[in-house]
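Taken together, the values in this text are just the output of simple stated rules run on the coordinates, not laboratory data. If you're wondering where the values come from, they're calculated on a predicted model, not measured in any experiment. Cβ coordinates were reconstructed from backbone atoms using ideal geometry, including for glycine residues, and neighbour counts include every protein chain displayed.
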Ligand code: FES
């Protein structure tokens, strides 16, 4: 089992009507150090299951006296964000997993182009602090819905001046990816966090503009979506499990006592890869190539449908 940390909610505030910021302080001693782009997993005791949701750390990466996250309320989610918005109070205790970084800055980049969509701003709050400390060259392009998903906008506006480029969908302002990506100095790296359509758009436009893939970095912040219940069979142990509609396959395995490696819990890091042996699978990950999906699945997001799903576990 990976190590866990115990924290308590020491402050909470609404950044917008949809986004709640939580400050988490250690139950004892300083917290582990972390680097810009890191995320933590919150272990959330919900009514029928324990959810483990990943959230980017915001703020100053040197900070060990507390961690700070911002959570967007997603009514269509499986309950994690609702719990964090509507039930979690200042003073409550939480178990978390230590920080892991899947979205680090590329140190020698000549220029850093940061592209955020809505709640995707959160890892960039730490990136920006790190880039400012280094005196590095960067620009932030921030697409949001004014008054709803524009967290930290006034802070960024006064801090970044002309290096902040704002796109408010409510005013019809659109981010022109082709124009932005074609105007960057050679040796730039681009970082994107936000909805899948934005991540895909940046990758496609970057390729069209001749950017090498090695200079295009992305972080998806999506969590597993609910689906239909299904039955699971573990070939090695002979165990049969029922996976509820609100539960991910990974959560069902964890509830049965299996320790499956994982980092992102969103189908992008590749840590939870598992061999399947039978059944029909709804692959929802962004990691496996189609030929690999014939043999493997990512249980943090993917699900069985219809027949019993058989795993090599
Ligand atoms: S935990 Fe990252 S892909 Fe499953």
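Over all directions, the projected convex hull of the C-alpha atoms in segment 230-311 averages 4.7 nm² in area.
Measuring how big segment 1-67 is from its alpha-carbon positions, Rg and Dmax come out at 12.8, 37 Å. Among beta bridges identified by DSSP and lying wholly in the chain, the antiparallel ones come to about 60 percent. Sequence-distant contacts, meaning Cα pairs under 8 Å at least 6 residues apart, place the relative contact order of segment 221-313 at 37 percent. Please compute the contact order of the chain in relative form: average sequence separation of alpha-carbon pairs under 8 Å and at least six residues apart, divided by the residue count, as a percent. Reported relative contact order: 15 percent.
Seen against the Cα atoms of the chain and their longest principal axis, helix 122-134 is set at about 50 degrees. Axis angle, to the nearest 10 degrees, between helix 196-208 and the longest C-alpha principal axis of the chain: 60 degrees.
Each label was represented as a point 7 Å from its Cα along the Cα-to-Cβ direction; for residue 165 and residue 277 these points are 5.3 nm apart. Could you work out the Kirkwood radius for segment 18-141, taking every pair of different alpha carbons, averaging 1/r and inverting it, reported in Å? One over the average 1/r among Cα pairs gives 15.4 Å for segment 18-141.
Considering only alpha-carbon pairs that sit under 8 angstrom and 6 or more positions apart, the relative contact order computed for segment 111-220 is 32 percent.
Helix-only arithmetic for the chain: the sum of -39500 (n - 2.57) across DSSP H runs with n ≥ 4, divided by the residue total, places the mean residue ellipticity at 222 nm at -5000 deg cm²/dmol. In the frame of its principal axes, segment 66-124 has Cα extents of 44, 25, 18 Å, reported largest first.
Computed on the chain, the Cα convex hull volume stands at 138 Å³ per residue. The GNM of the chain, with springs linking C-alpha atoms under 10 angstrom apart, assigns the highest mean-square fluctuation among 300, 264, 272 to 272.
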